[in-house]
Structures are given as structure tokens and as C-alpha cells.
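See structure below.
The values are calculated or read from the model by the stated rules, or taken from the named source; none is laboratory data. The shown structure was predicted, so the numbers you read here are calculated from the model rather than taken from an experiment. As a convention, Cβ positions derive from the backbone with ideal geometry for all residues, glycine included, and neighbour counts pool all protein chains shown. Remember, those area values only see protein heavy atoms, side chains included, never the ligands or the DNA or RNA. Shrake-Rupley method; radii C 1.70, N 1.55, O 1.52, S 1.80 Å.
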Amino acid sequence: MKAAIRRTVTGTWNRFAASDPGLLRLMAGLRTVGAIVLTLVVLALLGTGVTLLVAGAMAAMVATFAIREKEVRGQAVTLALGLPVALAAVTLGALLHSRIIAGDLFFIALIFGAAYARRFGDRGTALGLIGFQVYFVSLFVHATVATLPELFLTLAVAFACSAVVRFAVFPDTPERTLARLREAFRARMAQLVATHREVVDAGPEEIDGVLDDLRRHTARLHETALMIQGRLEEGTRDAATAALLQRRVADAEIAAERLGMTLLNARSAERTDTLTLHLPHAPVPATANRMQSEGDAVATLRRDLDALALLVARAPGDRGTAVAHVRNRLLGYRDEDNLPRGSGAVQDAFRALGEAARAVLGLRLALDGPQDESDDTSATTRSREEFDAEDLAIFGAEEAEEEEHTGLKRPTTRAAFQVAVGSALAIVGGEFLSTQRWYWAVLTCWVVFLNTASTGEVLVKGYRRLVGTVLGVAAGVALAGLVGNHTWTAFVLVLLCVFGGFFTAPLSYALMSFFVTAMLGLLYTLLNTYSVATLVLRIEETALGAACGIIAAAVVLPVHTDRRTDEHLAAVLDRLREAVSAAVAQLSGGPAVDLLTLARDLDTALNDLRDSTQPLVHPITPLRVRRQTARYLVALLETCAYHARSLAATAELLPASRSVAADPRLGRVGRRIASNIELISARVQDQPADGEVEAGASIASLLDAGDSPVPPSHTVTFRVLRHLQRLDEGVVGIARALDVPVAGRAGRKNI
């Protein structure tokens, strides 16, 4: 019974850890709520009134969520600098309390400065946010010169409590965050392998739902890999350790995705397009499950997929002969003699299973250190030797400096002017709606510009805030009616709303707005200023602020969504060309370079493109054709990125592997693909470019022309050829989607 309970608890925790990689959202919510609770306790012991309790709670919240630096020392410095900034903001708020015009002009200047400060990185962003939000707090509690001493004490207590919670109650370091992200990667990979198991048995009526799960879990695994990439520099002791972990995570991600593709191929009578894993509702070649006729081979495949899922999810300390036996059996599928009898497609699935087990072993060695080798078979020993050879070849790479815009072209400068103009409009319009609550319109205008860079993004964020506000008002009315005059009950509900807002913020801005608005209803109850009319005014001010933000984004130094997406699309194409050219050059016998860094740069650029296309694919977008085109393009690029990552991972094996050999004939293929990508990129950037995208014969046909036979399907060389051909097809598909001229296609010999 105890073992069953322990397994249930462990499984539930693993699912939660997978849903919140690194527990970043949980820690943000707990840290913010903890700071507010400690502040309220200290202020209550000092006999502070309700108004100052509210001010202290809001200041503690700001002092906690504004800090975004990864290093503990940087967080401490920023928090220490934030207190004088907050004191200055509340002082000016009190001094300008009765000077309406001067106060409004200063507020606009403060907003401009806070937005402009983002150019100075995380610290500038945090200090600007603290200055703006604390000035807002002074307006909310109607600060005056007479109340300044009490407000100073309240702010000091709030910042001190935030520091105690951050550094003592819920301490966090880059190393701990990275460790939790690694565990989340394991958990998400286990979920993906469990979905692979469902692919084997899914019937025609179930395959669409299973495919949706497969796409979602594949995307979530990739998301976690990118999060790990972003924490490697601070979370590891040296560059070599970071490079090793980066390599092992990339291997595991590629192996898991390849396993999914081989299982889909085994189900169908024809090869599945890689696009199926990245484009929702992509066609499946056949819904009938051909694997059901394979008999014992499929039964073994089911068993070993379950074994792989257990191997991925096992705790770091789990050892013993049973674990070693499972690991050795799966690694044995890397040898042709150990493959079960079956069709070529099913045997490919077993080969992919062996490669996935190898990737899991490499991940274990990188994360948990040396493993027990007493029960190793020859296949396991060979895998360990390969890892040792690869570890010796790992080296660091210098990061290329990116060109930075200056003047009005700098994003932070442009945003500062936009939000200043939008806030000025919001102040004027807000005063017409209410001389007491006008600042809600300014707050909305401010927040719709946070983390947005185009008119479309501002529009979508404003829409989401308005929806969340409307729903939050309804919840605020209900909660205020339930709370009545019970002050501490209201504070508890406020804390729950704060936690809900910060926990859901990365998932849905509308949900965050819902919780914030519900919290405001409770705060007004605490201040004895609650009324339904006040919350309705909140909706009106929010709508006005969103409208002012949209107008400013569209009129003042506008960045249209099409222009921004074209810039990111060009960046993705450039990164794709660099990664493919370098990988093919190394596969052709060229010098070794840091291919995985190039592949991760491609992933980062693709993630930026995916974010910039959100206004185009959002349900409120009326242009359905553009929405479908944007989704199709992103899916094609994700497919190309997968093949580029696979080529990079294979090319990095060359210095140490006995199964991969350089082939100079691949060079001309790589040059053609790179030339096609360069032509597409030039058209996207409206640069002069002559010629057409060449959709030549298949890679296999090109190699046949050199009087060399196509390698067997189970070899690494064949896998390289298949990745190149799929990449070639994906690039041609991108050209057609963008109306770039494509030369006539020759007959193709698919592989």
C-alpha cells in the first residue's frame, strides 16, 4: 500500500513538474505571496491601518515580481537600488497630489523613462517597473505629504520582507533552477514516450487525438530544451559542462522525435511527412494500422516502449540489475543482429528505440555522473566508449555579436515614445470617465506595451486584458459579496488571486487579468470604497487604455505585424542556412565547428518568429487565408529546424564515430539548399535577387549519378540522406508558400 501511494504521489508530482518546467511559475507565485504575507504580518504587528496594509502588499508584490535577473548577487543589487527608486516615486506622487497638470506631466515622463530603461537589460527593466508601479500605488492610496513618513516605513518593510522571502524562505539559484528544468525535461520526455506507446495501438478513430497529443508533447519537450539552453551559462560551473549538457539534451530531443516519426511510418504503407509532427490537422498517409499484422514484433515493441518510458522517468538513484537489464536490452537494438523479425519499417522503429535508449544513457551520464558498469553488455560498453570520445571533442564557441539598432529604430526607444503618447491620451480620456480612477486607463496602456513589439501584438494583448477584466469584474462582485466586512478573509482571497495571477501569467494573459481584477474588487472592499459602479468603471477604463495603446502603436513610429514577422522570418532563414551549410560542410569532410550552438540559435530565432505570428494566427484575426499561411509556414520551418538539428547532431559524431564517415558528394547538395534559402531570404527582405529556387532530383538520385549505390536504409548515411531530402523538400515548400519562383521539378526518387 505504501509503495502504491508513493508511486501515485511520484507520478502526480512528475506530471506537475512537466506542466511547470523548472517550477518557475510555482516559485514566482509562492515568492510573491510569501512576500505579501510577511509584509502584512509585520505591518499588522506595527499597528498599521488598512490603507497602508494595502500599500505595503502592493509594494511587496512589485518588489518581488519586478526582479528578473538570474544571478543571486544581481537580484540583491537590483532590490537594494529599487528601494530608493520607490521612495523617490512615492515622494513625487505625494508632492504632486494636488497639482493635477504637473502630476500628469510627470507621470508621462516617468512612463517614458520606465519604458526607455528597458534598453539597459533586466536591471533597467526592474527599476523602471518599480518606479512606475510605486507611483501608481501612491495614486491608488491617495498619498499626501503628511502620510509620507508612514509610507516610507511601509515601503522599507515591504522591500525588506521581499528580500527575506527571496533569499531565505524561497531561495533560488541558477543551479537549482537548471536542476529542476532537467527533471522537467525527463518528465516531459517520459510523457512523449508514453504517447509513442499510444501510437502503436491507436485505431483509425483514435489516431487524430493521439497525433494531437504527440504534437503537443513534442513541442513541450522542445520548449523545455530551449529553457535549459537559456540557463546553461549561469547554471553550470564551466563552459565544458554547459556544452556537454547541451549536447545530451539535444541528442535526447532528436532521438525522441525520430522515434515518433518511425512509429508513424510503421503504421502506414507510405512514409509520413515530418510536417505531420508540427502542423495541426496535417494529413496522415493512412489511418489503418499496418503494425497490427506484425505479430510478435509489435508485442515486443509495446513492451520495450513501456520499458523506455520507465527508464526515462526513473529517479537518479535507481540502480540494480533490473534497470541494467532493461537498458542493455534496448541498447542492443543498435546492433542489426539483435533486431526482431519484421518489416523494414518496424525494424526502423526498433533502431530508433535503441538510439533513444542511447540518448537516455547519455543524459544520465551528463546529469547523474558515472553509472554502475558491472552489468554492461557489449552494446552498452560501445555506447559508453562513444560518449567518452564525444566528450573529448566538445569545445566552446564564441558568440557572434548581433547588430544593434540605434536612435528611434531601437525597440525600447520606439516603445517609450509610443507608450508616452498612449498614456497621455489615456490620461485625458480617463479624466473624462472619472477624475478619481483615471489611472486605470494609464495602467492598461502601460501593460499592453510590455513584451510587445508590433501593432498586432498590442492589439491582441489589449483584447486579452479586456476579456480578462470583464470576467474578473464578475468574479470581483461575487467575492466582495461573500467577504462582506471580514478583513482577513478578504486578504486571504487577495493572496489566492495574487498566486493565481502569477502562476498563470506565462500561460494566459487573459487569466492573469482575470485574477488581478478579482483581486482589485477585494482591495476596494478592504478600503471601504467598493461598489459595482467602480468595477464597471474598471472595464471602461481598461477598454479606453487598450484603445489608446492601440492608437499609439498604430500612429507613433508604428511597427506593423507584417514587417516584424518578415524580419523574424528572414532571421530564421539566415540561421537555417548557417546551420545547414555548416553541418553539410562537416559531413562533407570540412572543419569542425560548434554545430549545436548554431542549431540552438535557429531554434531561438524560430521561437521569436512563432511569437511574432501570434496576432496573425489568433482566433480574432479576420483574415483566415493569412492565418492558415502563417501556421503552414511556421510548421514548415519547424520541420526544417528538426532536420537541421538532426544533421548537426550527426555531423558532430564524425570526429569520434566509427559509424559515420564524411562524403564529399554531399557538398554540392548543401550548396544548392543554402542557395535556395538565401534566395528566399532575399525575397522576404525585398532585396534584389535573380534566379529561381531549384527543386532538383532527390538526394539518392544525385548520389546514384556518381556510380555509388544508395546506402542501406538502416545506416547512418542513409539517415543523413533522408534528412537532406526532407530539408530540401521543406525549403521548396517554403518558397511556394511565399510565392518565390520555383524551377521545374525533375522526377524524384524518394528515400
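Side notes on the structure shown:
- Distance between the 7 Å Cα→Cβ label points at Ser531 and Ala478: 2.5 nm.
- Segment 511-583: radius of gyration over Cα atoms, expressed as a fraction of 2.2 N^0.38 Å: 1.95
- For Val559, distant residues with modelled amide H under 5 Å away: Thr455
- Its relative contact order, with pairs defined as Cα atoms under 8 Å and 6+ residues apart, puts the chain at 12 percent.
- Pairwise label distance in nanometres, Ala299 with Asp335, each label 7 Å out on the Cα-Cβ vector: 2.5
- Estimated FRET transfer efficiency when R0 is 25 angstrom, pair Phe432-Ala554 (beta carbons, to 0.05): 0.70
- Accessible surface of segment 3-143, 1.4 Å probe, proportion on carbon and sulfur as whole %: 70
- Paramagnetic label zone (point 7 Å from Cα along Cα-to-C-beta, Phe167; backbone N under 19 Å) in segment 65-97: 65-87
- Take 479-489, 414-424 and order them by the average number of nearby Cβ atoms within 10 Å per residue, most first; the result is 414-424, 479-489.
- Label zone at Val50, where the point sits 7 Å out along the Cα-to-Cβ direction: segment 511-530 residues whose backbone N lies under 11 Å: 523-530
- Available extension along the chain between Arg237 and Arg119 is 39.6 nm, counting 0.36 nm per residue and deducting the alpha carbon span.
- Approximating the spin labels as points 7 Å out from Cα along Cα→Cβ, the Asp739-to-His281 distance works out to 2.4 nm.
- Square roots of five times the Cα gyration tensor eigenvalues for the chain, Å: 51, 30, 23
- Note on segment 52-113: Cα-Cα pairs beyond 16 Å make up 57% of the total pair count.
- Segment 204-264 - convex hull of alpha carbons, volume per residue in Å³: 55
- Annotation: peptides 610-622, 244-256, ranked by per-residue average of other Cβ atoms within 10 Å with the highest first, follow the order 244-256, 610-622.
- Heavy atoms of the protein chains alone define the surface here; on that basis the chain has 42 Å² accessible area per residue at 1.4 Å probe size.
- Calculated FRET efficiency for the pair Arg216/Phe16, C-beta based, R₀ 22 Å, to 0.05: 0.85
- Value at 222 nm in deg cm²/dmol, rounded to 500, when DSSP H runs of n ≥ 4 in the chain each add -39,500 (n - 2.57): -24500 deg cm²/dmol
- The slack between Arg68 and Asp686, meaning 0.36 nm per residue of separation minus the straight C-alpha distance, is 218.7 nm.
- Relative intensity, log₁₀ I(q)/I(0), of segment 135-276 from a Debye sum that treats every alpha carbon as a point, q = 0.14, 0.15, 0.16 Å⁻¹: -0.77, -0.82, -0.88
- Sorting the segments 260-268, 97-105 by their mean number of nearby beta carbons within 10 angstrom, highest to lowest, gives 260-268, 97-105.
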